[in-house]
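For reference, the structure is listed below as structure tokens.
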Amino acid sequence: MTLQNTKTLKKQVAPYEKSTTKESIWQIINTVGPFVILWYMAYISLSVSYWLALVPIVIAAGFLTRIFIIFHDCTHHSFFKSRKANRIVGTAMGVLTIFPFDQWGHEHSVHHATSGNLDKRGTGDIWTLTVEEYLAAPLKLRFAYRFYRNPLVMFGIGPIWVFMIKNRFNRKGAKKKERMNTYLTNVLIVAAIALLCWAIGWQSFLMVQGSIFMLSGSIGIWLFYVQHTFEDSYFVEDKEWEYVKAAVEGSSFYKLPKVMQFLTGNIGFHHVHHLSPRVPNYKLEEAHKNTPPLQNVPTITLATSLKSLRFRLYDEKKQDFVTFKAVKALAKKNSISVQAKPEH
């Protein structure tokens, strides 16, 4: 990417930053409506077989992912022109996705401001160590990192830890407004669960909502993971870090089939989103297509994205992700010993 491109890109994308109330309302209808219908279909199907219920459950998980994208846009205040409308709708979508609006909004803003910055990791991102940091780390930290990076842990235990546990507690130093929003979200979630358990029984609730939650949670973490963990991704030290380069070169264009693109709310155009978070999800594709420089960004497909499961550590020298196996061989060959950079 040339210097001229980085200077003009944000101006080129600016026209797409305005939300359209009609489109936003329609997206709520065509997302929440089908989710509720599919949820009910899954519950009714339980009387026949759980395997039959899995059909609407899987589709509902896709729509819950799309609901999260609405929530996500609201935290960026890009879904509606009104900040109040974004807050109300975002809090409501946060109850459905069990995410507190203000808490996640804060963490995600930090993520946007530090993505790809090796000196400012640790908030709102995937835990990533460089090769040198890993080799210098004590055995206990290496074990924890390998455990965290195991796909079964990241995409299996990850949703339970992040959504069910971590999201229920306020971060240290959170302001009163943020704390109260977390409490409100928790109360509404408990009330919704209690009402549904009373209406259909806790077993049916767990079979339907538990399955939808695990599927959509795994999808959500996968999307977040793969959009910043790919070959030739952008990771540099703070003195070299540039916002536009981090957005365009450090965020992938995840080219998905149209159905999956719909269910994931166009979040595959992640490079556009990171460049300008104020672009609502339903305008991301348009911004991508009408901005030529954005079409020459790191592109991954459903098939090629699976390679990222092997990526464990970032090699600053090669500026690429490597496997644990490759690092083990390197360590034996060179006996590297360096100090690790602290995460913030």
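The values are calculated or read from the model by the stated rules, or taken from the named source; none is laboratory data. These figures come from a predicted structure and were not determined experimentally. Reconstructed Cβ throughout: ideal geometry from the backbone, glycine too, with neighbour counts over all protein chains shown. Note: areas computed on protein heavy atoms with side chains; ligands, DNA, RNA excluded. Shrake-Rupley method; radii C 1.70, N 1.55, O 1.52, S 1.80 Å.
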field: Boolean, Ala192 is modelled with pLDDT of 95 or more, more than 24 Å from Cys74 (Cα to Cα) and either surrounded by fewer than 16 Cβ atoms within 10 Å (Cβ to Cβ) or β-branched (Val, Ile, Thr) (or both)
entry: no
query: Only one of Ser218, Ser211, Ser204 is crowded, with 16+ Cβ neighbours inside 10 Å, modelled with pLDDT of 95 or more and more than 20 Å from the chain's Cα centre (by Cα); which?
result: Ser204
Matching residues, segment 228-248, being within 17 Å of the chain's Cα centre (by Cα) and more than 19 Å from Leu129 (Cβ to Cβ): Ala247, Val248
query: Among the strands (runs of 3 or more DSSP E) confined wholly to segment 221-321, which include 1 or more residues that are in contact (Cβ under 8 Å) with a residue 24 or more places away in the chain and within 29 Å of Thr21 (Cβ to Cβ)?
result: 253-255
- request: For residues that are aromatic (Phe, Trp, Tyr) and in a helix (DSSP H, G or I), scanning just segment 89-107, find the one that is most open to solvent (accessible area, probe 1.4 Å).
  value: Trp104
field: Single condition Asp119 does not satisfy, out of (1) at pLDDT below 95; (2) assigned to a helix (DSSP H, G or I)
entry: (2)
task: Name the one entry in Leu206, Leu215, Leu188, Leu196 that is of a type outside the set (Phe, Trp, Tyr) and either out of contact with any helix residue (DSSP H, G or I) (no Cβ under 6 Å at 6 or more places or on another chain) or in a loop (DSSP other than H, G, I, E, B) (or both).
output: Leu206
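Results for (1) among the hydroxyl-bearing types (Ser, Thr, Tyr); (2) crowded, with 21+ Cβ neighbours inside 10 Å; (3) modelled with pLDDT of 95 or more, shown as yes or no for each residue.
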| residue | (1), (2), (3) |
| --- | --- |
| Thr20 | yes, no, yes |
| Trp51 | no, no, yes |
| Val55 | no, no, yes |
| Ala61 | no, yes, yes |
